[in-house]
Structure formats: C-alpha cells, structure tokens
Amino acid sequence: MTRKSQTAMPSFLPQKARLLMTLRAQAIMQPDILSAIETIPREQFIPDSLHAHAYENASLPIGYKQTISQPYIVAVMTQALELKKTHRVLEIGTGSGYQAAILSRLSRRVYTLERLRPLLISAENRLKNMQISNITYRHGDGAKGWPEAAPFDRIIITCQVAEIPANLLDQLKIGGILIAPAGPSGKEMLVRVKRGEDRIEKEELMPVRFVPMLAGIDR
C-alpha cells in the first residue's frame, strides 16, 4: 500500500469496527444489515460538531427537535422487517435519511415521507450526493401515508405513535410487515405487525423511546 493510499483511508474505521462488534454482541447477525451499517457513512447524517460520536451506539440530535436513531435500534427495526431485494418499503419519518439509506441497500425501492420540509430537502440532497437512486421522497403527513404508491411490502414508522394509523395498515400488502414504536409517549413499545388475509397479528419486541409523530405538515 502506498503512502498516498494510506493517508486517504477513512478515519472512522476503528469506531466502525467497535460498533459492528457491539451490534453482533446484541444479536444483530444478519450479514447484509451489518454490511449496510458498515458501508453507509453515518458521519454524513449528523452535524459536523458531532462527527466524533458518529459510530457510538447512541441516538444523536439532527436539529428541529429530531434525532438520528441509535444504530442498534436501526438494526433491530431493519432486521424485524425481514426484507427481500424485491420489496417496496414505505418509511414514515425521513429525518436525516440514514434509515432510508440502510433500507435502500436491502430492498428494491424506498418511499420516504417527512413532515419537516427542511429535513426532507437536506436528506434528499445528501442521499442523491451519495448516488443512492432507489429512494422516492415526499413532503407530507405521515399518518396519511402514500396511498397512490400503495400497497407496500413493508412499512417502517420511525416516530412514536399512540396507535398505528389505520391509513398505514390499509396500505400494507397482505402478508406484509409493519414495524413501529407504538403506545403512550415515553412508554412506547417497538411493535411488529403482520397483515394476514383476515387478521392483523401484533407482537411487542422491546421498549423504545422515539420522538412523537407530528400532526399535519409544515409549509
């Protein structure tokens, strides 16, 4: 290896390695999820002042009273979706765009919806600069979903909801999976919903803390 290529090496490799070891110890074993977390540069999704913390297993603020989720929670939610490369995924709550970037590596197309326009614009620019081309963006009310693109194989809600909106359940395919932090704020549980032909099955996975879904849309 030449001196020039050595100086060009990413500076986050040791931190990434520690994070991946931590995730494996927490039972995140799916190779494609670990690969996505390893290759997506989390430091690009947070403020410059927080770059030193990019690969800590912690949530971080991204402005507008929103956060980028803890890598473990991103991995757990992604793993619970049981994604296939053929799947179309609806994400409610684009935020920084990090979760959408992870999903884009594991599915055919991601439809991501964000209420806060500045966050959406920033995330879209960031992901396009990273040459991620299988994501479609919308500024809108998450509770309404994306009816004209429905039904979806998978739906992920990345904000706390007291109850899963009926609109989103209606937009989930038969046999599809929805994952969401649901319940009273501060006491929400990560819930996995499977939609059958004539019934909805719900499973509580673990307690979590998320910022709440915001009503309506900003202008």
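The values are calculated or read from the model by the stated rules, or taken from the named source; none is laboratory data. All of these numbers come straight from a predicted model, not from anything done at the bench. Neighbour counts are summed over all protein chains in view; Cβ atoms, including those assigned to glycine, are modelled from backbone coordinates with ideal geometry. Protein only, heavy atoms only, side chains kept; ligands, DNA and RNA dropped before computing areas. Shrake-Rupley method; radii C 1.70, N 1.55, O 1.52, S 1.80 Å.
The table for this structure:
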read-out	value
Residue within region 57-70 that is at pLDDT 95 or above, open to solvent by 10 Å² or more (accessible area, probe 1.4 Å), assigned to a helix (DSSP H, G or I) and of a type outside the set (D, E, K, R) present	no
Neighbours by Cβ (under 6 Å, 6+ apart or cross-chain): first from region 131-146, under 18 Å from residue 109 (Cα atoms); second assigned to a strand (DSSP E or B) and open to solvent by 20 Å² or more (accessible area, probe 1.4 Å)	134/109; 136/111; 146/111
Residue within region 1-18 that is under 27 Å from residue 214 (Cα atoms), modelled with pLDDT of 95 or more and either open to solvent by 70 Å² or more (accessible area, probe 1.4 Å) or part of a helix (DSSP H, G or I) (or both) present	no
Residue within region 183-195 that is surrounded by fewer than 16 Cβ atoms within 10 Å (Cβ to Cβ) and in contact (Cβ under 8 Å) with a residue 60 or more places away in the chain present	no
Wholly within region 107-162, strands (runs of 3 or more DSSP E) carrying at least 3 residues that are touching a Gly at 6+ places or on another chain (Cβ under 6 Å), under 18 Å from residue 66 (Cβ atoms) and open to solvent by 30 Å² or more (accessible area, probe 1.4 Å)	none
Residue count for region 175-216, restricted to those that are modelled with pLDDT under 95, in a loop (DSSP other than H, G, I, E, B) and closer than 20 Å to residue 83 by Cβ	1
Odd one out for residue 172 among (1) in contact with a Phe, Trp or Tyr (Cβ under 9 Å, 6 or more places away or on another chain); (2) of a type outside the set (Phe, Trp, Tyr); (3) touching a residue at least 24 places away in the same chain (Cβ under 8 Å)	(3)
